[in-house]
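Read the structure below first, then the notes.
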Amino acid sequence: MNPMLNIAIRAARKAGNIIAKGYELAPQDTQVSNKGTNDYVTSVDKAAEEAIIEVIRKSYPEHAIVGEESGVIAGENNDIQWVIDPLDGTTNFVKRFPHFSVSIAIRVNGRTEVGVVYDPIRNELFTAVRGEGAKLNEFRLRIDNERRDLNGSVLATGFPFKVAKHRNAHLNMIEALMNNGVADFRRTGSAALDLAYVASGRIDGYFEIGLKPWDSAAGDLIAREAGALVTNFVGGTDYLKSGNIVAGNGRVVKEILNSIQPTLTDELKA
Ligand code: 2AM
Ligand code: CA
Ligand code: CA
Ligand code: CA
């Protein structure tokens, strides 16, 4: 097995165990604080991130790490960067809604080589290595390629956190997509799992505004290695930078892009 994948899996499982234990505790045993309005961080997010960093440091002390809770930790070799979200879906975790994940991507010279998304509640481990396909536990993943259009489709999305800037555009997108045949939406609260669920054909497509690289880098590789197309809102490839992301099979993505095109503000076209 790819040695870096092996370490990423070890780190994800370790963080997942910390999260699962934290989930079993009485709510008052988890410290919750606010980073901003509706923006929580808990003692479990922090403990999980520390555990991941410790595992990486043991095997690859020279690599750089970017974590949601720690920011950038430079290394001697900054060409290799681990992009980690120790708990994707903190709001679910805090509400005791059992849907969240650990997300770990390894990027080499700006290209994602390894992606791991781990759901500790269901014990589902989604992995991908660039050029080698994607897996759910030991099974190979393939997106749903049968679907040719949006009629009857189910898409996942997330509501944008920059409300003043993006809420209207997002609601317009939902309306436009429903007018073009989308049957239903899922708002799961974990962007990393949304992308992994595109990879597994559990949802037909996914779009979201303003993600951070740690939300999407691992799920992006898993989706693409399962055969998905992933783009920004105008079909471009800079979605890790802008955070504006669309994923699905090629035809579904094309239909999503066509549907949302009239709703895009100038900022969302970039
Ligand atoms: P988090 O749980 O790691 O913070 C779901 O739409 C995505 O939005 C998740 O990846 C979630 O990641 C992220 N998210 C939740 N609250 C957020 C906030 N206040 N600002 C930015 N992203 C947020
Ligand atoms: Ca967060
Ligand atoms: Ca996240
Ligand atoms: Ca997080």
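The values are calculated or read from the model by the stated rules, or taken from the named source; none is laboratory data. Here the structure is a predicted model, which is why all the values come from computation and not from measurement. Here the Cβ is made from the backbone with ideal geometry for all residues, glycine too, and neighbour counts use every protein chain on show. Calculation scope for accessible area: heavy atoms of the full protein, side chains included, ligands and nucleic acids excluded. Shrake-Rupley method; radii C 1.70, N 1.55, O 1.52, S 1.80 Å.
What number of residues within region 87-115 satisfy the criterion of being of a type in the set (Val, Ile, Thr), over 14 Å from residue 215 (Cβ atoms) and either more than 16 Å from ligand 1 (Cβ to nearest atom) or crowded, with 23+ Cβ neighbours inside 10 Å (or both)?
Selection size over region 87-115: 3.
Does region 45-68 contain at least one residue that is modelled with pLDDT under 95, in the same structural domain as residue 119 (by TED's automatic domain parsing), of a type outside the set (Phe, Trp, Tyr) and outside any helix (DSSP H, G or I)? No, region 45-68 contains no residue that is modelled with pLDDT under 95, in the same structural domain as residue 119 (by TED's automatic domain parsing), of a type outside the set (Phe, Trp, Tyr) and outside any helix (DSSP H, G or I).
For region 196-215, give me the residue count where each residue is over 17 Å from residue 144 (Cα atoms) and open to solvent by 50 Å² or more (accessible area, probe 1.4 Å).
Residues in region 196-215 being over 17 Å from residue 144 (Cα atoms) and open to solvent by 50 Å² or more (accessible area, probe 1.4 Å): 2 in total.
Of the helices (runs of 4 or more DSSP H) contained entirely in region 206-270, those carrying at least 2 residues that are of a type in the set (A, V, I, L, M) and closer than 24 Å to residue 119 by Cα fall at 213-225.
Scanning region 189-205 for residues that are away from ligand 3 (no atom under 16 Å from the Cβ) and in a loop (DSSP other than H, G, I, E, B), which turns out farthest from residue 104 (Cα to Cα)? Looking at the filtered set, the residue picked out is 204. On inspection, residue 60 does not qualify as among the aromatic types (Phe, Trp, Tyr) and under 21 Å from the mean Cα position of the chain (by Cα). For region 100-188, give me every one of the strands (runs of 3 or more DSSP E) that falls completely inside it and has 1 or more residues that are in contact (Cβ under 8 Å) with a residue 40 or more places away in the chain. Once the strands (runs of 3 or more DSSP E) in region 100-188 are filtered for at least 1 residues that are in contact (Cβ under 8 Å) with a residue 40 or more places away in the chain, what remains is 101-108, 111-119, 124-129, 134-136, 154-157. Each residue in region 142-195 was checked for being open to solvent by 90 Å² or more (accessible area, probe 1.4 Å) and farther than 24 Å from residue 222 by Cα, and 10 pass.
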